[in-house]
Each structure stands twice: as structure tokens, then as C-alpha cells.
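Worksheet: one structure, shown below.
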Amino acid sequence: MKVTTEHMNGGNVCQGGALFTLADLAIAALMNCRGQLTFGISNSIMFVSSAYEGDVLRAEAVSVADHHKIPSVEVRVTSQDGRLICHVTGMGYRKNVSLPME
């Protein structure tokens, strides 16, 4: 995600909600990769450093516990130079239904 003017907050840094949304998309992609509908039930974010306009951010999600019902994921959001911006943990609830196909 490229940080643009629309992502900035009153302190002239990327707003936390934009960072959380990026991480949440990575969590959803990983938790739903089995093809089973999985919803987030708990997330926690720790802001480590600020992102600025023009930064290009990357969210990388890794599975901590791929439980059949309650999966757990960690996400690292980093800048283009590898600087850690935030760390997010997420937990989901995996339903016993397939993802809708569209």
C-alpha cells in the first residue's frame, strides 16, 4: 500500500486505521486460504514506528496456529526499507462452510 495524503492523520503520519486495514486484509487472506469461511474474532495491533506519505507498506501474514476452528495469525507491516511499522496478531473463527464463489 502506498501511503497517500488520504491516509494521513492530524500528526502528519499514516493513520492507525489505514495500517490496521492493511494488516486485516492480510489476516483474512491467510485465514481463508483453506476455502472455509473464517471470520476475525480478535485482533491486537502494536504501533512500532510511523509511516509517512510516499512510503510503500507491505503486510506479511504467517500462521501461528492453523487450528481447524480457531486459527491464529501474526502480521508484520513493514516499509519499503524493511522498517517495522506495526505488528498485529489475529484470531479467527472458521465455520464449517465453503467460501462463497462469485
Revision key, fill the gap. Checked segment 36-49 for anything in contact with a Leu (Cβ under 8 Å, 6 or more places away or on another chain) and of a type in the set (F, W, Y); matches are F47
Check your understanding: If you check every pair at least six apart or on different chains, which have Cβ atoms under 6 Å apart with a residue in segment 37-58 that is touching a residue at least 60 places away in the same chain (Cβ under 8 Å) first and a residue that is surrounded by fewer than 16 Cβ atoms within 10 Å (Cβ to Cβ) second?
Key -> L37/K95; L37/V97; L37/L99
**Study point:** Out of S72, S49, S63, sole residue that is surrounded by fewer than 14 Cβ atoms within 10 Å (Cβ to Cβ), closer than 30 Å to C14 by Cα and under 13 Å from the mean Cα position of the chain (by Cα)
**Key:** S63
Review point. When segment 51-102 is examined, which residues are found to be touching a strand residue (DSSP E or B) at 6+ places or on another chain (Cβ under 6 Å), over 15 Å from C33 (Cα atoms) and modelled with pLDDT under 95?
Key: none
Exercise for review: Only residues that are open to solvent by less than 80 Å² (accessible area, probe 1.4 Å) and either in contact (Cβ under 8 Å) with a residue 60 or more places away in the chain or over 11 Å from the mean Cα position of the chain (by Cα) (or both): list them for segment 79-90, please.
Suggested key: S79, G82, R83, L84, I85, C86, V88, G90
Check your understanding: Going by the structure shown, is D24 of a type outside the set (A, V, I, L, M), touching a residue at least 60 places away in the same chain (Cβ under 8 Å) and out of contact with any helix residue (DSSP H, G or I) (no Cβ under 6 Å at 6 or more places or on another chain)?
Key -> yes
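Residues being surrounded by 13 or more Cβ atoms within 10 Å (Cβ to Cβ) and acidic (D, E): count how many of those fall in segment 91-102.
0
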Exercise for review: Pairs only if they're at least six apart or on different chains, beta carbon under 9 angstrom, first in segment 8-21 and at pLDDT 95 or above, second outside any loop (DSSP other than H, G, I, E, B) and of a type in the set (D, E); list them, first residue then second.
Suggested key: A18/E6
Study note, to complete from the structure: Looking across segment 14-35 at residues that are surrounded by fewer than 17 Cβ atoms within 10 Å (Cβ to Cβ) and in contact with a Leu (Cβ under 8 Å, 6 or more places away or on another chain), the single one that is nearest to C86 (Cα to Cα) is N32
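The values are calculated or read from the model by the stated rules, or taken from the named source; none is laboratory data. It should be emphasised that the depicted structure is a prediction, and the values quoted were computed from it without experimental measurement. All Cβ positions, even for glycine, are placed from backbone atoms using ideal geometry, and neighbour counts span all protein chains on display. Surface accessibility is based on the protein's heavy atoms, side chains included, excluding ligands, DNA and RNA. Shrake-Rupley method; radii C 1.70, N 1.55, O 1.52, S 1.80 Å.
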